[in-house]
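The values are calculated or read from the model by the stated rules, or taken from the named source; none is laboratory data. Here the structure is a predicted model, which is why all the values come from computation and not from measurement. Counting neighbours? That spans all protein chains shown, and the Cβs are built from the backbone with ideal geometry, glycine included. We work out accessible area using only protein heavy atoms, side chains counted, and drop any ligands, DNA or RNA first. Shrake-Rupley method; radii C 1.70, N 1.55, O 1.52, S 1.80 Å.
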Amino acid sequence: MMRATLLIFVGLMFSVSKGYAAEQTASDLAKMMNQAKYSEGFEARLNVLITKANGAHPAPFKLAVIGQFNAGKQRLVIRGISHEEVRNHFYAAESGSDGRVRAMESRSQASGYVDFDPSARMFNSGLVAWDMLGLWWGWQKQTLEGMEQVNGRECVKIRSVADDKNSVVQEVESCVDQQAKLSLRTRMFDHSHALLRTTSVANLAHKGEGGGMMAKKLSIKDADKTLAEIEVYAGDEQYQISAETFAMLDSPMRNIEREAK
Amino acid sequence: MSTDPHILPNNLSSARLPILRIEGLTLHFDGGQTKALNGVDLDVCEGEFVAIVGASGSGKSSLLNVIGTLDIPSSGELFFGAQPYSKIKDTSLFRRENIGFVFQSFNLISTLSALDNVIVPTIGCAGSDHEHKARAESLLIELGLRERMAHFPGKLSGGERQRVAIARALINRPRMVLADEPTGSLDSDNAIQVLDLLTGIVKQQGLTLVMVTHDASVSARADRVVRMRDGKIALPVGAYGDTPELIGGAP
Amino acid sequence: MNLFRFALNNLQRRPARTSLTVSAIALGIAAVVALTSIAWGFEASWQKANDARGTDLIVTRAASENTMPSPFRAEKVQQVLAALPHVKEVVGLLSEMLTVSDDAPPVFVFGWVYSSYLWEHLKLVEGRWPNASAEPVVVIGALAAEMLHKKTGDQVEIEGKSFQVVGIFESNAVVENGALLMTLEQAQQVTDKPGKVNVLNIKVDANTTEADLRNIKEQVKMTLPGFVAITSGELVSQNAVVRISKAMSNATILIAGLVGALVVFNTMLMSINERTREIGILLALGWQRGTIMKLVISESVILSLLGGLVGILVGVGIAWGLEHIELMRGKIDAIFSIPFFLEVQALSIVLGICGGFYPAFKASRLLPSSALRQE
């Protein structure tokens, strides 16, 4: 009995150390995470429940997030579905290969588009377009900081430091479940090392194809203690991007503004 | 009436073989520290009524237990007819077929009626429930309990309880009845009645009866009285100068 | 008087302990009955929905581990399928579980190809069916109507878009009764999945044999990589919720079995310890060791059988109660059957035997002389 237990124990140790040996370097991991984002089109519909610092709950609302991510370009459209207040409230964001992020907002179809700070909160919640683009996986400086457990799952802690000194977020600390190719907890810090937001994944679901997993339930806790609990209730991993999908970003008005800058 | 264990009583034919033969029997407990039986030799003939007397702790009950296969002897041998005890494979079966027990404290099951208590030993035996019940009823009737069959032990007098126990001992038609102070818990009237019924039924069916008793009036009715002392059969009463009333006092 | 009656009598001697033991077993069995009947009911209800639709084969994306098969563009797949031998009709279906009211749990929203055979098995109880594929209206199941407090003529908001309820229907599948139904075109629009379906339903012609069906499945596997053709039963058994509920019911069976056996074990061990002297008497009276074992095991089995019976009743009650609470309405449809109850009783007998075995063995090994000396 003793011997059997011992053998199992040694076997476990061995498999763990083997797993560790096969592990990538920090930049490999970041590269893997960057590629995991790639999609020719996806849609996720979210149910968002906000809890304010004082405990108040505004009415929950539904959003659709549509994105297209590839090595050259990352684009997002975030659309309010319901209730009435968020309906037809659009945000769009993109980042090109230069790493610059642009975002815009449209309150209604009639009112047209205005520039929007990609680091600002959308829908008065912890949702931030900059976070959704996951740009830090492309940053130069990445360091591994060992293993940790988040919600009972093993993950590797990795710290990404911004290349651009002017970026609002200067440091991102993620804890990546390598099998799921998903960060279970992401913390954003500003230039003074103050914590801006923490995103935690509470529940995972298998992706339809290509392995990996996606977050089914997650929460974003802001520095001001506002909590956004997000549930992905529907989605399409092969969303058909049409000409209109990112029309907002491609609009001539947008281009004029850009040239003017 | 003789009290010599090795001399058969006058009223029995000396040609008859003993149903029970005990040779050099010892029974030790606690790894030999306690010697309950210390070399017992005894023959009991078929149909004989043997009373075993002796002081407390003299080994009477131990002897009864070994005869009843409830205890395994440390050494020596017993024969039931021609069969040595050491060769009995299934002692439960042996008890069921040959031995009927009557205890001092009745040992009836309080939640079963008198009739059911008598039937209990037949559970797991051949024969139908109906047959067992019929036999139990006839035994209880014979023991004068016709009206008390459906009663629970709590509603029966001591004498009645012991009569139920006797019926229970006889239900499987044993060849030998072992009774451990069957009248010990009864007043004298009841004791006489129970004893009359027991000896009567045993005689009538030609059964052998080995009874441990303290009561001189009981032992006086035995065909033979065997005295035990310190785990052995004592020599004939006279030789030890025992008080005659122990074996005397017969009516 | 026989062994069974004697065993029963022994249990009656300690009514409090016996009823406590029976209750403990009954609770476990009740959990098993409730969960298992719900798990099976869930499966059967989906099966019923598919069967009632007259669907012979279902084509979905392979490796769908989520609740719903992931959506895909129907057009090309549909063309390939329609060309296969014996295939009579290929009809797309899109389904999503959505919240349509703040004070009701999420419901299924189904989009079915307008005027396809899928609609034929439904019974309209009120109003009308959609008049055109492009008409932005819904018909709702009778149960959904009740849960959402909607009637014909009301508006219902689905994903931020308003639809008029034009009819109420009934189906013999509880999944459909609790659902909202619109044309596929409308469903694709409202869920932003133009041209997409979760499932393609295939109806084959009358003279199709089992072998032909197998052949179609094989063809799909070869010509449409990433897709599988399965029967509705296979789809249902692959469904994550069905799998989880089945796994939960299996886990419950295991836990309840273990707890039940332990309870019986404890009770019987206590009981034989109290009855040592009596067992000694029985042995002295010529009871064989086997008979003692039979007695103790009979007592355990009577306990567990009683627990099983009570548990079945309580479990049916729990399942019935769950079916009728608001949160679960239209989602579960517990299924009971005589063979199922017999299996549950068999389970309780097994746990009785398991729990009673050691105490029985211990009792049968007692030395009669020392047992008799015990007070």
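The figures follow:
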item: Neighbour-limited loop hits for trypsin sites (Lys or Arg not before Pro), segment A:86-187 (at most 16 other Cβ within 10 Å; DSSP other than H, G, I, E, B); result: A:Arg87, A:Arg100, A:Arg107, A:Lys165
item: Cβ charges +1 (Lys, Arg) and -1 (Asp, Glu), total dipole of segment C:57-230, debye; result: 540
item: Percent RCO, i.e. relative contact order, over segment B:76-154, from Cα pairs under 8 Å lying at least 6 residues apart; result: 32
item: 10 Å Cβ shell holding at most 12 others, DSSP loop, trypsin sites (Lys or Arg not before Pro): longest site-free stretch of chain B; result: B:90-251
item: Relative frequency of Cα-Cα separations exceeding 45 Å in the protein assembly as shown, percent; result: 54
item: Cα-based equivalent ellipsoid, segment C:1-119: semi-axes from gyration tensor eigenvalues, Å; result: 52, 20, 12
item: Crossing angle, helix B:129-142 versus chain B [Cα axis fit, 0-90 degrees, rounded to tens]; result: 70
item: Options C:Ser348, C:Asn207, C:Phe336, ranked by Cα towards positive dipole end of chain C, top entry (Cβ charges); result: C:Ser348
item: Cβ-based charge dipole, segment A:26-133, positive-most Cα from A:Ala59, A:Tyr91, A:Asn124; result: A:Ala59
item: Environment charge of A:Asp224, counting only residues whose C-beta is closer than 11 Å and scoring Lys/Arg +1, Asp/Glu -1; result: +4
item: Links that overshoot a 25 Å alpha carbon limit, given the list A:Lys62/C:Lys246; A:Lys37/C:Lys193; A:Lys52/A:Lys181; A:Lys73/A:Lys225; result: A:Lys62/C:Lys246; A:Lys52/A:Lys181; A:Lys73/A:Lys225
item: Net charge of neighbours whose Cβ lies under 15 Å from the Cβ of A:Gln140, counting Lys and Arg as +1 and Asp and Glu as -1; result: -1
item: 1.4 Å probe accessible area per residue over segment B:21-64, in Å²; result: 35
item: Chain pair B, C: total accessible area buried, heavy atoms, 1.4 Å probe, Å²; result: 2200
item: Neighbourhood net charge (14 Å Cβ-Cβ; Lys/Arg +1, Asp/Glu -1) for A:Ser242; result: -1
item: Using distinct alpha-carbon pairs, which all enter the 1/r mean, Kirkwood radius of segment A:38-260 in Å; result: 18.2
item: Estimated translational D of segment C:289-338 in µm²/s (Stokes, Kirkwood radius over Cα pairs; 37 °C; 0.692 mPa s); result: 247
item: Rg to Rh quotient for chain C, alpha carbon positions, Kirkwood Rh; result: 1.18
item: Using θ = phi - 60° and Karplus 6.51 cos²θ - 1.76 cosθ + 1.60, couplings along segment C:31-42 (whole Hz; Gly, Pro as x); result: 4, 4, 4, 5, 5, 5, 5, 5, 4, 5, x, 4
item: Over 34 Å [Cα-Cα, segment B:18-246], rounded percent; result: 14
item: Heavy atoms of A:His57: accessible area, 1.4 Å probe, square angstrom to 10; result: 110
item: Other protein chain Cβ atoms within 10 Å, averaged over every residue that makes up B:119-128; result: 5
item: Relative contact order, percent, chain C [alpha-carbon distance under 8 Å, six or more residues apart]; result: 29
item: Coarse-grained scattering of segment C:57-230 at q = 0.09, 0.15, 0.19 Å⁻¹, given as base-10 log I(q)/I(0) from a Debye sum over alpha-carbon atoms; result: -0.32, -0.85, -1.21
item: Heavy-atom accessible surface that A and C bury in contact, both chains counted, 1.4 Å, Å² to 100; result: 1600
item: Accessible surface of segment A:38-260, 1.4 Å probe, proportion on carbon and sulfur as whole %; result: 50
item: For chain B, calculated [θ]222 nm from helices alone, where every DSSP H run of n ≥ 4 adds -39500 (n - 2.57); result: -8500 deg cm²/dmol
